[in-house]
Amino acid sequence: MLKQPIKLTHWPENLTRSYRAKGYWIDQPLTRGLRHQARVQPNLTAIICGSRSLSYGEVEQRFMALARRLTASGLGRGDTALVQLPNSAEFYITLLALLEAGIASVNALFAHKQNELNAYADQIEPSLLIVDRSHPLFRDNQYVESLKARSGRLDTVLFRSAETADQSLDDWMGPNVESLSGAGDDLPQPGPTDPDQVAFFQLSGGSTGTPKLVPRTHNDYDYSIRASAKICGLSPSTRFLCALPAPHNFLLSSPGALGVFHAGGTVVLAPNPDPQICFPIIARHKVTMAALVPSAVSMWLRAVEQAKADPTAQEQDLSSLKLVQVGGASFAESEARRVPKVLGCTLQQVFGMAEGLVNYTRLDDDPEIIFTTQGRPISDDDEVRVVDENGDDVLDGQTGMLATRGPYTFRGYFQSPDANANAFDDQGFYFSGDLVQRLPSGHLRVVGRVKDQINRGGEKIAAEEIETLLLRHPQVNQAALVAIDDLLLGEKSCAFIVAEGALRPAELRRHLIKLGVADYKLPDRVRFIDRMPLTAVGKTDKRALRKSLSDGFARSDAGKIPIPETL
Ligand code: AMP
């Protein structure tokens with residue numbers, strides 16, 4: 001049976017013509033960059049992962065082996081995959097294999113649990129699941145069986161660190177295609193990829209009840225990668241540290257690992273941005289560039305300064321580091337100014353989104369621009385509007401909502417007509433929910449947001465998603481999640497609860513854990529109140545709730561003296 005292409009809201013034809021004519025869309029698959037490097041410099045190192053080092057030739061051999069085996073199993077265009085792998089060489093090899101085979105994947109964060117995985121599975125109905133046995137959900141087969149029951153199409157399951165060869169991701173991507181299949185060169189080659197179709201799904205930070213998916217095409221994503229690699233000056237000598245979750249748009253394409261593969265450099269993996277882990281990796285592998293969220297940069301700054309002040313501390317050799325990118329959340333200007341001084345490298349601010357638009361300060365921008373803005377768009381054809389609540393453009397320097405469209409900004413969430421009706425105007429401009437100011441130079445400053453989201457150190461929490469789950473507790477009558485300022489993470493979350501009878505934060509925590517919520521989404525604090533403050537139109541007044549937090553715990557606008565309780 002011929003499988004249907006995955007549903008996608010396309011760009012209007014006049015724009016696609018122009019994007020092609022201008023050389024943005026080059027009708028190549030997203031594996032293009034890596035395959036090119038495997039041809040011209042097969043022996044150079046593509047990925048360093050712990051003590052393993054894989055050349056471009058090896059990475060290509062492995063992802064092609066996996067792609068061919070998947071094709072032989074009948075999977076291909078029109079199929080989808082749910083993938084959850086930690087920061088590892090296998091993550092990239094799997095992604096490239098699926099791109100080559102035309103299977104559109106959702107790459108869940110390793111921190112995600114059944115709440116998130118179920119939501120993704122329900123949306124894409126995967127035929128293929130690729131996960132890691134070391135993840136608590138996959139230590140046995142119980143959850144896999146429940147996913148199979150949810151998605152009638154799921155029949156191929158591969159595990160990283162599996163016990164048996166037939167289900168072993170490592171074996172499926174093993175260099176010896178013949179030994180496993182017995183079919184050798186008879187194994188079919190994947191069919192040609194359609195670069196206008198969905199390559200994979202990015203994860204939206206979201207502000208609605210269900211995590212939404214962002215379909216990205218080969219053409220649009222590849223353009224953003226090529227252009228980003230150029231802006232960031234990547235070359236074969238780039239050694240890029242990926243210490244944040246690898247599936248994030250920032251780490252994958254801004255310019256991220258795919259940008260590094262395009263340029264022929266090396267991706268060096270770390271499990272997390274802890275300086276104790278990353279500094280020795282930087283020194284050992286002569287890392288030249290790192291992409292970090294603000295909280296991680298602050299940790300690095302502090303670690304370097306502490307080490308300098310402590311004569312007994314081991315010396316940190318960060319001299320290879322030339323560029324630190326900071327993005328994903330607001331970066332304080334005072335911290336930005338410290339980066340070149342303390343880390344001895346150039347700072348680049350990045351303001352991007354899984355939905356598309358990415359802004360960079362340029363490497364040769366005036367330092368004041370680098371310290372005080374979040375950059376300007378990649379492309380001359382990124383149309384950026386800053387508008388007031390009537391949709392009218394505001395003057396440069398004034399605050400307004402960001403609306404954008406362009407050659408790599410998506411045109412619609414996957415199967416989400418309601419969300420799309422809210423997120424787009426009738427001209428196809430996407431409203432990101434960010435409040436920005438634009439300078440005459442085109443640089444943007446992010447000054448706030450209108451979306452109901454908490455940005456916890458770069459990880460986004462959609463308030464509605466958690467509120468809906470809290471409301472499933474039989475004693476919770478009303479729930480509202482709001483952001484609290486946090487010195488390290490920028491923001492943490494606080495749940496305001498109107499409850500029936502006595503309820504303790506620990507009970508709510510157990511409730512959310514039972515529902516399989518990722519840890520970073522668990523409310524950092526819970527406050528019980530008698531009634532929700534309401535706005536004039538009868539909606540929960542989150543501004544009043546936030547104000548009650550900043551006013552301290554002595555008094556609450558919500559009418560009751562609250563007792564702060566930490567989960
Ligand atoms: P994500 O799709 O998870 O990458 O999140 C995108 C959102 O993160 C943006 O819409 C902003 O709200 C926020 N964001 C990303 N970069 C920055 C930045 N440099 N400064 C402030 N907020 C940012």
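Nothing in this text is a laboratory measurement; each read-out follows from the coordinates by a stated rule. As the structure is a prediction and not an experimental result, all values here were calculated from the model. Positions of Cβ are backbone-derived with ideal geometry, glycine not excepted, and every protein chain shown enters the neighbour counts.
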Dipole magnitude of the chain about its Cα centre, charges +1 at Lys/Arg Cβ and -1 at Asp/Glu Cβ only, in debye to the nearest 20? 580 debye
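What relative contact order, as a whole-number percentage, does the stretch 219-449 give when Cα pairs under 8 Å and 6 or more residues apart are counted?
The normalised contact order for the stretch 219-449 reaches 15 percent.
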Assign one of three labels to the stretch 63-110, namely rounded, prolate or oblate, based on the Cα gyration tensor with a ≥ b ≥ c the square roots of its eigenvalues; rounded applies when a/c is under 1.5, prolate when it is not and a/b is larger than b/c, and oblate otherwise. oblate
Gyration tensor on Cα atoms of the chain, a ≥ b ≥ c root eigenvalues, a/c under 1.5 rounded, else prolate if a/b beats b/c, else oblate, says rounded
Too long at a 21 Å Cα-Cα cut-off: which of Lys451/Lys542; Lys113/Lys212; Lys212/Lys460; Lys341/Lys492; Lys322/Lys460; Lys7/Lys460? Lys341/Lys492; Lys322/Lys460; Lys7/Lys460
Separation of alpha-carbon centers, the stretch 332-403 and the stretch 73-129, rounded to whole Å: 32 Å
What's the magnitude of the charge dipole for the stretch 457-561 around its Cα centre, counting Lys and Arg as +1 and Asp and Glu as -1 at the beta-carbon? Answer in Debye, nearest 20. 200 debye
In the stretch 457-561, what % of DSSP beta bridges are antiparallel (nearest 5)? 75 percent
Take every DSSP beta bridge with both residues inside the stretch 219-449 and express the antiparallel ones as a percent of the total, to the nearest 5. 60 percent
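Would you mind getting the Kirkwood hydrodynamic radius of the stretch 219-449 from its Cα pairs, rounded to one decimal in Å? Present the calculation step by step, with values, prior to reporting the outcome.
Numbers: mean 1/r = 0.0546 Å⁻¹.
It works out to 18.3 Å.
Please work out how much length the chain gains when fully extended from Lys308 to Thr372, using 0.36 nm per residue of separation minus the C-alpha to C-alpha distance, in nm with one decimal.
20.3 nm
How much mean residue ellipticity at 222 nm does the chain get from its helices, if each DSSP H run of length 4 or more adds -39500 (n - 2.57) and you divide by all residues, to the nearest 500 deg cm²/dmol? Please report the intermediate quantities before stating the final value.
On the way: 19 runs with 183 residues, N = 567.
Computed mean residue ellipticity for the chain: -9500 deg cm²/dmol.
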From the Cα centre of the stretch 222-252 to that of the stretch 524-545, the distance in Å is 41 Å
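Which trypsin sites (Lys or Arg not before Pro) in the stretch 454-490 pass both tests, a DSSP loop state and at most 14 other beta-carbon atoms within 10 Å?
Answer by residue number: Arg472.
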Which one of Asn422, Ile6, Tyr24 is farthest out on the positive end of the charge dipole of the chain, using unit charges on Cβ (Lys, Arg +1; Asp, Glu -1) and the Cα centre as origin? Asn422
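Rounded to whole Å and sorted largest first, what semi-axes of the equivalent ellipsoid does the C-alpha gyration tensor of the stretch 99-158 yield via the square root of 5 times each eigenvalue?
Largest first, the stretch 99-158 gives 17, 13, 12 Å.
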Amide H contacts of Ala291 (H built 1.01 Å from N, under 5 Å, at least 5 apart or other chain): Leu241, Ala243, Gln325
With charges set only on the Cβ (+1 for Lys and Arg, -1 for Asp and Glu), what does the dipole of the stretch 258-325 come to about its Cα centre, in debye to the nearest 20? 180 debye
Most positive-pole-ward Cα, Ser432, Leu534, Val260, against dipole of the chain from beta carbon charges: Leu534
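Take every DSSP beta bridge whose two residues both sit in the chain, then give the antiparallel share in percent to the nearest 5.
55 percent
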Residue by residue through the stretch 27-34, what is 3J(HN,Hα) from phi via Karplus (6.51 cos²θ - 1.76 cosθ + 1.60, θ = phi - 60°)? Round to whole Hz and write x for glycine and proline. 6, 10, x, 5, 7, 3, x, 5
Residues with amide H under 5 Å of Trp25's amide H, sequence separation 5 or more or different chain, H placed in the peptide plane at 1.01 Å from N; which? Arg20
Dipole of the chain, positive end: most advanced residue of Thr210, Ile513, Phe138 [Cβ charges, Cα centre]: Ile513
